[in-house]
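Take a look at the structure below.
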Amino acid sequence: MNAIRATLRLQFHRDFTLDDARALVDDFAALGVSHLYASPLQASRQGSMHGYDGVDPTRIDDEVGGEAALVSLVAALRARGMGLILDIVPNHLAVGGSENPWWQSVLTWGEQSPYGAFFDIDWHSPDPTLAGKLLAPFLGAPYAETLESGELALGFDAAGFHVAYHEHCFPIDPRHYGDILRFAEHNALHEQAAFFDALAQAPNPCSQAPAALSQLERVLEDPGAQASLASALALFEATSEHGATRLHALLSRQHYRLAFWR
C-alpha cells in the first residue's frame, strides 16, 4: 500500500462519476495528492447525491459508472502511483421506499429472512404489540387515521402483493397471499391460494415462494384472472368499513407494525 501523504475527498453522484474523476487523475497527481478519498460507491437510492442511502452493498452504483468505471479509475491511479480510499459506512442503508432488497426481505419474512440478523432489530420486544415484529414508523399520521383515509393501498406487481403508501412499499408475507386470493372469483386463483397456504408448513418458505409466485403470474396472464384479482383487491380498499377491516386484519399478520413517524 502506498504511503498516504495527502488525500482529496471526492463526492460521487450521477453528475460527477468515476469516469469524470479518472479524467482528472493527472491534475490530482500534479497537486501532490497520493490518494483519492471517495464517497460511498455501493448502490444507493436512485438519484442520490451523496451515496449514504445505500440499497445494495454488493455492487457498485450504476449511476456513478458501475464496476467497470471503478476498475478503470483504479488503473489510472495506480499508473500514477496513487491509491483509493473508500468511505464505507455499514449502518448507512436506506430503509423505506422499495429499493433495498435486504430491507424488503426483512419486512416480508421477519426474523426468518436471510437478512433478519443483518439489521439491529429487537425481535423480542417486551411490548406485546411488537412481539416478533418490526416497528415501521413511516406514516404521516396515526395508523387508524391513515388506514381510514385510504392512503394504504393493497396492490400486486412482479414482486408480489404489497401495501403502497406514497413512495413506500410494504410487502405481504407470501404465506398470507391466500387471504387475498380467496376473495377472487376465479377457480385458478383459488387453487393458487392453497399453494401459498402450504408455505406456512414448508421447511424453507423463503426459497419456495418464488416458484409459487411465478405460477401465480402465469395464471394472471389470463384476462379473466386479472379482472378477478382486481375485484378482490377492491374489497381491501379501506375507504369502506369492510375494506378497512379486511386490510387491517391482513396488516396485523405481517412482520411489521405500521406507525405514525412521531
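Take the Cα of Ala153, step 7 Å toward its Cβ, do the same at Ser240, and the gap between the two points is 1.7 nm. Projecting label points 7 angstrom from Cα along Cα→Cβ for Asp87 and Glu185 puts them 5.8 nm apart.
As a length-normalised measure over Cα pairs under 8 Å and 6 or more apart, the relative contact order of the chain settles at 17 percent. Here the label points at Asp197 and Ser252, each 7 Å from Cα along the C-beta direction, are separated by 2.1 nm in the simple model. For the chain, the longest principal axis of the alpha carbon atoms and the long axis of helix 223-234 meet at an angle near 90°. Relative to the Cα centre, the charge distribution of region 101-260, modelled as +1 at Lys and Arg Cβ and -1 at Asp and Glu Cβ, gives a dipole magnitude of about 280 debye. Would you mind counting up the charge near Tyr52? Only other residues with Cβ under 13 Å from its Cβ, with Lys and Arg at +1 and Asp and Glu at -1. Net charge around Tyr52: -2. Available extension along the chain between Glu111 and Leu31 is 23.7 nm, counting 0.36 nm per residue and deducting the alpha carbon span.
Relative to the current alpha-carbon distance between Trp123 and Asp62, full extension at 0.36 nm per residue lengthens the span by 18.5 nm.
Remark on Tyr37: its backbone amide H falls under 5 Å from those of Leu8, Arg9, Leu10, Ile85, a criterion applied only to residues 5 or more positions apart or on other chains, H modelled at 1.01 Å from N. Cα centroid separation, region 104-153 to region 166-230: 21 Å.
Angle check, please: helix 187-198 long axis (alpha carbons) against the longest principal axis of the chain (alpha carbons), in degrees 0 to 90, nearest 10. Taking Cα atoms only, the helix is inclined about 70 degrees.
Within a Cβ distance under 15 Å of His124, other residues only, what is the Lys/Arg minus Asp/Glu net charge? After counting each charged neighbour, the total is -2. Exposed loop sites were defined as GluC sites (Glu not before Pro) in DSSP loop states (anything but H, G, I, E or B) carrying at most 14 other C-beta atoms within 10 Å; in the chain the longest segment without such a site runs 1-166.
Just so you know, all these numbers are worked out from the coordinates, no wet-lab data involved. What you see is a predicted model; the values in this text were computed from it and never measured. Backbone-built Cβ (ideal geometry, glycine too); neighbour counts: all protein chains shown.
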